[in-house]
Amino acid sequence: MSENQATMAPQAEGQAPEFDAIVVGAGFSGLYMLHSLRRQGLSVRVYEQGGGVGGTWYWNGYPGARCDSESVYYMFTDHMSEEILGEWDWSERYAAQPEILRYLEFVTDKMDLRRDIQFNARVVSAVYAPERNRWDIRLADGGAASARFLITAVGCLSSTNTPKFPGIDTFAGESYHTGAWPHEGVDFTGKRVAVIGTGATAVQAVPEIAKQAAHVWVFQRTPNYDIPGRNRPLDSGYAAGVKADYKDLWQKARESGFGLPYQIVERSAVDYSQEERQPIFEAAWAKGGFYMGLETFSDYLVNRESNDTVSEFLRSKIREMVKDPAAAELLAPKDHPFFTKRPPLENGYYETFNRDNVTLLNARTTPIEEITPRGVRMGGHEYEVDAIVYATGFDAMTGTLFGMGITGRDGLRLQDKWRDGPRTYLGLTTRGFPNLFVITGPQSPSVLSNMPVAIEQNVEWIAGLIQHMTANNLAVAEPAQVAEDKWVAHHDEVAAATLLLGTDSWWVGANIPGKPRTLYPYVGGVGPFRAICQEVAEKGYEGLVLTRHEAPAPAAAGG
Ligand code: N01
């Protein structure tokens, strides 16, 4: 048997099981990775921290949680299974969290993926053993395993961030983080609730919480440019049309900048008069969704003047929707350009501030001082509440990877290698960590795109590389230093050409004290990224050093 051939090696009692590949995470990316490697005949084990599949959709069950990508484009394609694509129908324009979770469970069962997934299994260390060319994994419960390939499918937003407010542990009421929501749900009926944060999550949660609660205080530090989602039951004719045309539409999405098959018109807002721009903005506003950013003008991220036009349009809409002028002014962003933070989609958020039981508070001019046993103290006033909802985001893109104890050659820890910011080749690999592949990692398009499109490309590229290694009897893949340096330089150059680095956002790590400030996702676009990755593959995985393993292959490793 060649050292690349599949099958789980026979295991002596008490010995850690050995696999060809270990995948960490059972969300969209982990499920597709498992399927793709199993299809090659490899033995694969998925370790999932949660008690079920779903990843982000398992943990984020807060009220109002739904997808901001249109559901017809937020799913696996025929590359996963033509049958599933044909069988599944979404009920809403933007699917809510329970429906997406049901979808992922449906896919899992349909593809018989569950038998290779171990749930409630948190990876706490992953160490590369060069003499064996294997990754040794340890779980929080003491379990262990090893594999030649380690693939992280941990999502970009999976380590919650709760600011270290003084007194936070003294609160006597209920505390929740939106990213770790209780699966049984929370009943806010008649309760006084503090919501801290006004990002995409809070924008979804606040309208729903306000429908139940006696009163909601929203602690806002930075307002966002929220775009109307205009969620509604999915028109079956539209959905059928998308299905009928899905091959073309998906290809268009794959080749696009942001992973959506929208009609991008290359034009600058500065070349149009105010009278000409207005109907273009109004049309996108009426349509709802990311059309506002993608189908109006194309240079918002690189041209401040162009951006000012859409930013002002969006501020004018907020002033129309919110009746109290002081609240409207507070909700209208002035400190950053549109789309330099992720614009939330809103379904009733602004109107919520017209309710008597909702109060907006300015946590920018008067920062939260402390959490007390009875509530939140700010500006010398104590807001007494029964529950605090932390909608305060995530240690994005690197938090979970660093928490897994990933250690490469020569004892190098990932967080030490990336101390000044991630260094990767294509966002998928990093030198010093042979056979480690990161799905939707930093310096890949990931969160700057419709995630399933980025995930599909990443997974297929990794699967293609592993197949290539098997076919050519190669055992070790690691990027060359020069290739990694070139990718980082390219990534940084593309980022520097945009307005993104100038705004404090989690995209640049600004939400976590001490986190290096750099653009974490790649802003060159999913289409161009795909083309680069494809060219790399066509040139025999240029930039990667692919070798046979030189140490004698141990008998138990299947070689
Ligand atoms: O987190 P965020 P999120 N005092 O980091 C505030 C994705 N998503 O969970 O902006 C007071 O955006 C912070 O204030 P500021 C989407 O990609 C997807 O809302 O830093 N406030 C901010 O308002 C999104 O971008 C969907 O000044 C504090 C908030 O907390 C990403 O998840 C749905 C504070 C955090 O906002 C994260 O969104 C929802 C402090 N000390 C979300 N610290 C879908 O489409 C932080 N804040 C599926």
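The values are calculated or read from the model by the stated rules, or taken from the named source; none is laboratory data. All values reported here derive from a predicted model rather than from experimental measurement. Every residue, glycine as well, gets a Cβ built from its backbone with ideal geometry; the counts of neighbours run over all protein chains shown. Calculation scope for accessible area: heavy atoms of the full protein, side chains included, ligands and nucleic acids excluded. Shrake-Rupley method; radii C 1.70, N 1.55, O 1.52, S 1.80 Å.
Applying a threshold of 31 Å to the alpha-carbon distances of LYS252/LYS539; LYS287/LYS323; LYS252/LYS341; LYS341/LYS486; LYS211/LYS243 flags LYS211/LYS243 as lying beyond it.
Each DSSP beta bridge with both residues in the chain is either parallel or antiparallel, and the antiparallel ones are about 40%. Within the shell defined by Cβ-Cβ distances under 9 Å, the residues around LEU85 carry a net charge of -3, with Lys and Arg each +1 and Asp and Glu each -1. Of GLU295, GLU538, the order by accessible heavy-atom surface (1.4 Å probe, DNA, RNA and ligands excluded), from most exposed downward, is GLU538, GLU295.
Cα-based radius of gyration for the chain, normalised by 2.2 N^0.38 Å, reads 0.98. Using just the Cα positions, wrap segment 406-498 in a convex hull and report its mean projected area in square nanometres, one decimal place. Directional mean of the projected Cα hull area for segment 406-498 stands at 6.6 nm². Using θ = phi - 60° in the Karplus curve 6.51 cos²θ - 1.76 cosθ + 1.60, the 3J(HN,Hα) couplings for segment 386-395 round to 8, 9, 10, 10, 8, 9, 9, x, 9, 7 Hz; x is entered for Gly and Pro.
For ASN450, the residues whose amide H sits under 5 Å from its own are GLY259, LEU260, ignoring neighbours fewer than 5 places away on the same chain, with H placed 1.01 Å from N. Each residue of segment 120-134 was assigned a 3J(HN,Hα) from its phi angle through the Karplus curve 6.51 cos²θ - 1.76 cosθ + 1.60 (θ = phi - 60°); the sequence is 6, 10, 9, 7, 10, 7, 9, 10, 7, 9, x, 5, 10, 6, 9 Hz, with glycine and proline shown as x.
Here the Karplus curve 6.51 cos²θ - 1.76 cosθ + 1.60, taken at θ = phi - 60°, turns the phi angles of segment 403-416 into couplings of x, 8, x, 6, 10, x, 4, 6, x, 6, 8, 4, 5, 7 Hz, with x standing for Gly and Pro. Taking the chain as the reference, fit the longest principal axis to its C-alpha atoms, fit the long axis of helix 28-38 to the helix C-alpha atoms, and give the angle between the two in degrees, 0 to 90, nearest 10. Here the helix axis deviates by roughly 20 degrees.
Angle of helix 451-471 to the longest C-alpha principal axis of the chain, folded into 0 to 90 degrees and rounded to 10: 10°. Projecting the Cα positions of CYS156, PRO130, PRO233 onto the charge dipole of the chain (unit charges on Cβ atoms of Lys, Arg, Asp and Glu, taken about the Cα centre) puts PRO130 furthest along the positive direction. If you wrap the tightest convex hull around every Cα atom of segment 388-457 and split its volume per residue, you get 115 Å³. The 1.4 Å probe gives accessible areas that order SER159, SER71, largest first, as SER159, SER71. HIS79: accessible area at probe 1.4 Å, nearest 10 Å²? Accessible area, nearest 10 Å²: 70 Å². Counting only alpha carbon atoms, the long axis of helix 97-110 and the longest principal axis of the chain meet at about 20°. Per DSSP helix of 4 or more residues, -39500 (n - 2.57); summed, then divided by the residues of the chain. What does that give at 222 nm, rounded to the nearest 500? Only helices count here, giving -9000 deg cm²/dmol. Placing +1 on the Cβ of every Lys and Arg and -1 on the Cβ of every Asp and Glu, with no other charges, gives segment 135-292 a dipole of roughly 140 debye about its Cα centre.
Annotation: per residue accessible area for segment 1-138 equals 37 Å², rounded to a whole number [probe 1.4 Å, protein chains only].
When the surface is traced with a 1.4 Å probe over the full set of protein chains, TYR390 keeps roughly 10 Å² accessible. Accessible surface comparison of GLU382, GLU478, GLU493, GLU535, probe 1.4 Å, protein chains only, largest first: the order is GLU493, GLU535, GLU382, GLU478. Give me log10 I(q)/I(0) at q = 0.17 Å⁻¹ for segment 211-340, Debye formula, one equal scatterer per alpha-carbon, no solvent. For the requested q values the scattering log ratios are -1.02. The alpha carbon centroids of segment 439-473 and segment 251-265 are separated by 18 Å.
The mean accessible area for residues of segment 436-520, using a 1.4 Å probe and ignoring ligands and nucleic acids, is 32 Å² per residue. Write down Rg/Rh for segment 281-410, rounded to two decimals, with Rg from the C-alpha atoms and Rh from the Kirkwood relation over Cα pairs. Ratio value, two decimals: 1.06. Solvent-accessible area assigned to carbon and sulfur over the chain amounts to 51 percent, based on a 1.4 Å probe.
Remark: relative contact order (the chain) = 21 percent; criterion is Cα-Cα distance under 8 angstrom and separation of 6 or more residues.
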